[in-house]
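The values are calculated or read from the model by the stated rules, or taken from the named source; none is laboratory data. Predicted model only: the values in this text are computed from it and were never measured. All Cβ positions, even for glycine, are placed from backbone atoms using ideal geometry, and neighbour counts span all protein chains on display.
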Amino acid sequence: MDSIHRVVLLLHGMRSSRDDWVHEIALLLRKRLPDAEVVESSYGWISLLSFALPSARRREIRWLQDHYTEYLARHPRASFDVIAHSNGAYLVGQGLESVPSWRFDHVALLGSVLPADYQWNQRREWAQARLVRTDRASDDLVVAVFCNALRGVGMTDVGTSGWSGFEDSGGGEHEVSWYRGGHSAELSASNLSDLADFVATGRMSDIGPTHTGPSHGLALLSQLAPWLARLVFGLAIGLIARWLWRATQRQYRVVLLATAATILVIVLDVV
């Protein structure tokens, strides 16, 4: 008989690996949960530029689907929990949306890059996530600005939930905010211990706000980010058009072909 009753998936985020906080919290979980398999997962290094490419995000979702299936086949009677940071949180949210049969008992999302309007109500209706905890940092430029800029150019599968919070909690979400610092502020040693306790017991943290929240400047920059992204995109198109207008016939043909190839790659990537 299988002695593993629980599987805990640990998913790192952008510009990180399983050698960082993942290994540290895995040690804590193995002490707390001797009957669990704690999986120090890694889909490899992903940069901010890679994250901005829809095809790269879709590729990692397929990786997590295979990963989940592998451990479900190994331990078909086990319950699943997950702690995910940044892009890891994105993979969990999109994976749950894509595969209705997925089930997680405890879900902890740190610095989530999922949209603020992500439908947790649907996840609860489908019994996919029993307890959801989200941890947010006050000065998280990656979530507040970069993800909002991506939304400005049509990438609505990402968003600012790890900074602004979720609009639809589904009744089972608990927010811990604000941590002072940037995109990795939630990964402090003291918080990792608290997260391990949440996964082991389901007990929600009583930690109050450790910081008053984001500055007015960052809030304003986050609001402007979609418009700034559109402006930059429009200026780039305008500069290309201006150069083509002044180019010689040979230069025109070369740049036209390069532009057409770039547009084709972007369209295929978004589709």
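When Glu186 is tested against the conditions (1) in a strand (DSSP E or B); (2) crowded, with 16+ Cβ neighbours inside 10 Å, the lone failure is (1). Can you spot a residue in region 35-43 that is polar (S, T, N, Q), in contact with a Lys or Arg (Cβ under 9 Å, 6 or more places away or on another chain) and modelled with pLDDT under 90? Yes: region 35-43 contains one or more residues that are polar (S, T, N, Q), in contact with a Lys or Arg (Cβ under 9 Å, 6 or more places away or on another chain) and modelled with pLDDT under 90.
Would you list the helices (runs of 4 or more DSSP H) that sit entirely within region 1-87 and hold 1 or more residues that are polar (S, T, N, Q)? Reasoning before the result, please.
On the way: elements: 21-32, 48-51, 54-74.
Where helices (runs of 4 or more DSSP H) fall fully within region 1-87 and carry at least 1 residues being polar (S, T, N, Q), they are 48-51, 54-74.
Tell me, please, whether a residue that is under 25 Å from Pro214 (Cα atoms), under 11 Å from the mean Cα position of the chain (by Cα) and assigned to a helix (DSSP H, G or I) can be found in region 92-103. Taking every residue of region 92-103 in turn, at least one turns out to be under 25 Å from Pro214 (Cα atoms), under 11 Å from the mean Cα position of the chain (by Cα) and assigned to a helix (DSSP H, G or I). Hey, could you check region 20-42 for residues that are hydrophobic (A, V, I, L, M, F, W, C) and out of contact with any strand residue (DSSP E or B) (no Cβ under 8 Å at 6 or more places or on another chain) and say which is surrounded by the fewest Cβ atoms within 10 Å (Cβ to Cβ)? By that ranking, first place goes to Leu27. Of all the listed residues (Arg151, Arg124), the sole one being within 20 Å of Pro54 (Cα to Cα), in a helix (DSSP H, G or I) and more than 12 Å from the chain's Cα centre (by Cα) is Arg151.
One residue is enough: does region 196-204 have a residue meeting the conditions assigned by TED's automatic domain parsing to the domain that holds Arg32, over 19 Å from the mean Cα position of the chain (by Cα), of a type outside the set (Phe, Trp, Tyr) and at pLDDT below 85? Yes: region 196-204 contains one or more residues that are assigned by TED's automatic domain parsing to the domain that holds Arg32, over 19 Å from the mean Cα position of the chain (by Cα), of a type outside the set (Phe, Trp, Tyr) and at pLDDT below 85. Given the criteria free of Cβ contacts under 8 Å to residues at least 12 places away in the same chain, surrounded by 14 or more Cβ atoms within 10 Å (Cβ to Cβ) and assigned by TED's automatic domain parsing to the domain that holds Ser17, does Ala56 qualify? So Ala56 passes the test.
Of all residues assigned to region 109-122, none qualifies as being closer than 25 Å to Ala196 by Cβ, surrounded by fewer than 21 Cβ atoms within 10 Å (Cβ to Cβ) and in the same structural domain as Leu33 (by TED's automatic domain parsing).
Filter region 127-143 down to residues that are of a type outside the set (Asp, Glu) and in a loop (DSSP other than H, G, I, E, B), then give me how many there are.
The qualifying residues number 3.
Is it the case that some residue within region 112-120 is closer than 30 Å to Ser3 by Cβ and either outside any helix (DSSP H, G or I) or not hydroxyl-bearing (Ser, Thr, Tyr) (or both)? Within region 112-120 (the criterion being closer than 30 Å to Ser3 by Cβ and either outside any helix (DSSP H, G or I) or not hydroxyl-bearing (Ser, Thr, Tyr) (or both)), the answer is no, since none of the residues qualifies. Assuming Ile61 fulfils every condition listed in (1) buried (at least 18 other Cβ atoms within 10 Å of the Cβ); (2) over 20 Å from Val143 (Cα atoms); (3) of a type in the set (Val, Ile, Thr) apart from one, which condition is it? Ile61 satisfies every listed condition except (2). Taking residues in region 133-158 that are surrounded by fewer than 20 Cβ atoms within 10 Å (Cβ to Cβ), and partners anywhere that are outside any loop (DSSP other than H, G, I, E, B) and aromatic (Phe, Trp, Tyr), the pairs with Cβ atoms closer than 6 Å and at least 6 places apart or on different chains are Val153/Phe233. Looking only at region 155-180, residues that are modelled with pLDDT of 90 or more and either over 11 Å from Ser112 (Cα atoms) or part of a helix (DSSP H, G or I) (or both) come to 7 in all.
Scanning region 68-83 for residues that are small (Gly, Ala, Ser) and either touching a helix residue (DSSP H, G or I) at 6+ places or on another chain (Cβ under 6 Å) or in contact (Cβ under 8 Å) with a residue 24 or more places away in the chain (or both) turns up at least one hit.
As a summary of the residue check, Ser3 satisfies the conditions (1) over 20 Å from Val132 (Cβ atoms); (2) surrounded by 14 or more Cβ atoms within 10 Å (Cβ to Cβ); (3) among the polar types (S, T, N, Q) except for the one numbered (2).
In region 1-12, the condition of being within 23 Å of Asp157 (Cα to Cα) and touching a Leu at 6+ places or on another chain (Cβ under 7 Å) is met by at least one residue.
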